[in-house]
Each structure stands twice: as C-alpha cells, then as structure tokens.
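I have placed the structure first, in the form of structure tokens, so that the comments after it can refer back to it.
The values are calculated or read from the model by the stated rules, or taken from the named source; none is laboratory data. For clarity, every value in this text was computed on a predicted model and none was experimentally measured. Here the Cβ is made from the backbone with ideal geometry for all residues, glycine too, and neighbour counts use every protein chain on show.
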C-alpha cells in the first residue's frame, strides 16, 4: 500500500548528482494567485496584451499584403478596418500596445533592480493603468484630428 497522499508527490522526488534523494517543490499555478492583486493582474495582463499584439501583427500583415495585391483586396481590408468592428479592434489594439509598452518599461526597471518594494510596485502598476488610458485617448484624439 502506498503512503503517498497525492499522486503528484511522485514527480516531486528527485536525486542529486551524488545519488541522494531530494524533494522538489511544486510550482505555483493560477489557482494560488489572487487575481485581484495588482501584481498578478498586471503580470497576466502583460502576457495577454503580448498575445493581442500578435493578432495585431497578423492583421497588419493582411493589410500590407492586401495593399500589394491590388485595389480589390485593399478595398476589402480598408472596408473591414474602417467598419465599426474594425475601429473597435484598432482601439483595443492601441490600448494593448500602450499597456504592453508601459508594463515592459516597468519590467525593465525591475531588471535594473528598482521598484521591488510593495508601495513602488503598486504605484507603478497604477501608473501603467492610468498611462494606458491617457496615451490611448491621446493617440485616438490625434488620429481623429489629423483625419
């Protein structure tokens, strides 16, 4: 009869190079994180906006290929991007771009060793959120004025 209380326990046992057994720690997963905590929410959102950026690059590639393919293909791409859904997509992509950029700058500061204390972490997290809203609004205001 096994004395293991959890089947995952078998994967936590390992051996050092000298042959002695050790217990490996379990890595935390999403269920251990508090999703309303600023640090977790910003970190997960940074990853999600990176994926949104990937979708934006695909759409931009489609637009460029359509422009090179001819007037009919370009008109179709322009029609979609100029539609209500297309403009909403572009606004969301703009917000994702600003968020990902600002959160990336925050990560660069962490890589330099600055901003690890809890008050600074929360202050920079709020700055990323406010900066995203302000820069997205300014970007679209400038686009609408120049249109």
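Consider residue 45 carefully, then state whether it is at pLDDT below 95, under 20 Å from residue 137 (Cβ atoms), surrounded by 10 or more Cβ atoms within 10 Å (Cβ to Cβ) and within 22 Å of the chain's Cα centre (by Cα). Judged against the criteria, residue 45 is a match. I'd like to know if segment 93-113 contains one or more residues that are over 15 Å from residue 42 (Cα atoms), surrounded by 15 or more Cβ atoms within 10 Å (Cβ to Cβ) and free of Cβ contacts under 8 Å to residues at least 60 places away in the same chain. Yes, segment 93-113 contains a residue that is over 15 Å from residue 42 (Cα atoms), surrounded by 15 or more Cβ atoms within 10 Å (Cβ to Cβ) and free of Cβ contacts under 8 Å to residues at least 60 places away in the same chain. Can you find, within segment 13-42, the residue that is nearest to the chain's Cα centre (by Cα) among those that are modelled with pLDDT under 70 and assigned to a helix (DSSP H, G or I)? Going through the qualifying residues, I end up with 30. The condition of being surrounded by 16 or more Cβ atoms within 10 Å (Cβ to Cβ), out of contact with any strand residue (DSSP E or B) (no Cβ under 7 Å at 6 or more places or on another chain) and either farther than 15 Å from residue 39 by Cα or at pLDDT below 95 (or both) holds for only one of 86, 131, that being 131. Taking the numbered list (1) assigned to a helix (DSSP H, G or I); (2) on the phi > 0 side of the Ramachandran plot in turn, residue 50 passes all entries but (2).
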